[in-house]
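Some notes on the structure that comes next.
What follows is calculated from the coordinates using simple rules that are stated; it is not laboratory data. Source: prediction; values computed, not measured. No Cβ is skipped: glycine too gets one built from the backbone with ideal geometry, and neighbour counts run over all protein chains shown.
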Amino acid sequence: PQRAYVIDEMISAKTIAARVEALAREITDSFAGTDKLVVVGLLRGSFIFIADLVREIGLPVEVDFLEASSYGDEMTSSREVRILKDLRSGIEGRDVLVVEDIVDTGFTLSHVLTILRARGPKRLEVCALLDKPARREVPVRATWTGFEIPDEFVVGYGIDFAQRNRNLPHIGKVRFLE
Ligand code: PRP
Ligand code: MN
Ligand code: MG
């Protein structure tokens with residue numbers, strides 16, 4: 001049985017949209033001249049962020065997805081990152097942008113980057129919407145970060161708590177009752 005909780009708004013949909021637009025502008029400038037940017041969303045948490053972000057990127061883009069799960073339905077990282085679904089396309093010699101919803105302990109991102117780097121991309125960068133630096137256990141950083149947040153359990157805009165609340169349009173924090 002699930003503990004009862006409420007969700008308090010932390011970052012509004014409007015604030016997210018403005019930040020996504022700014023991130024996309026920086027990414028567009030940084031990869032200017034590319035023949036094609038391969039944008040890799042990490043399933044499932046990044047699905048809303050990547051959808052909004054690619055629509056603001058002014059470059060030829062290919063969208064691909066990779067699923068690496070560590071949390072499942074738990075609240076803490078298993079530390080074992082499994083690849084559940086690999087990319088459809090090869091990335092050797094390509095410009096690659098990994099899109100992640102949140103960097104917490106860093107296990108997921110660092111594992112994914114190790115795998116992708118071994119495939120020999122020309123460039124490999126990361127855009128993460130949220131960063132919780134206080135929780136980091138593996139030294140890894142996104143090239144671009146939307147918001148640094150305190151150590152709160154967050155949901156919405158793609159992020160789940162036990163597979164719920166991904167469809168909230170804003171980022172909220174979970175507050176347990178009792
Ligand atoms: C969550 C989140 C990040 C990762 C961050 O994914 O979406 O991918 O955990 O945590 P870490 O930095 O401690 O590794 P999760 O494994 O819950 O899968 P999901 O994206 O399908 O929700
Ligand atoms: Mn995830
Ligand atoms: Mg999850």
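Could you look through the stretch 1-49, keep only residues that are in a helix (DSSP H, G or I) and β-branched (Val, Ile, Thr), and pick out the one that is surrounded by the most Cβ atoms within 10 Å (Cβ to Cβ)?
First, pick out the residues of the stretch 1-49 that are in a helix (DSSP H, G or I): 13-30, 47-49.
With the extra rule that they be β-branched (Val, Ile, Thr), the set shrinks to 15-16, 20, 27-28, 48.
On the way: 15: 15, 16: 22, 20: 20, 27: 24, 28: 15, 48: 21.
Only one residue fits best here, namely 27.
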- Query: Would you say residue 34 is free of Cβ contacts under 8 Å to residues at least 40 places away in the same chain, polar (S, T, N, Q) and more than 15 Å from ligand 2 (Cβ to nearest atom)?
  - Reply: no
- Within the stretch 63-178, strands (runs of 3 or more DSSP E) holding 1 or more residues that are of a type outside the set (Asp, Glu) and within 25 Å of residue 3 (Cβ to Cβ): 95-103, 123-131, 171-176
- Task: Would you be able to say whether some residue in the stretch 55-63 is under 23 Å from residue 11 (Cβ atoms), basic (Lys, Arg) and touching a residue at least 40 places away in the same chain (Cβ under 8 Å)?
- Result: no
- Message: Regarding the stretch 14-34, can at least one residue be identified that is under 17 Å from the mean Cα position of the chain (by Cα), within 16 Å of ligand 3 (Cβ to nearest atom) and among the aliphatic types (A, V, I, L, M)?
- Response: no
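Of the residues 116, 109, 53, 129, which single one is buried (at least 16 other Cβ atoms within 10 Å of the Cβ), within 16 Å of residue 160 (Cβ to Cβ) and within 16 Å of ligand 1 (Cβ to nearest atom)? Walk me through how you get there before you give the answer.
Working: 116 fails: within 16 Å of residue 160 (Cβ to Cβ); 109 fails: within 16 Å of residue 160 (Cβ to Cβ); 53 fails: within 16 Å of residue 160 (Cβ to Cβ).
None of the other options fit; the residue is 129.
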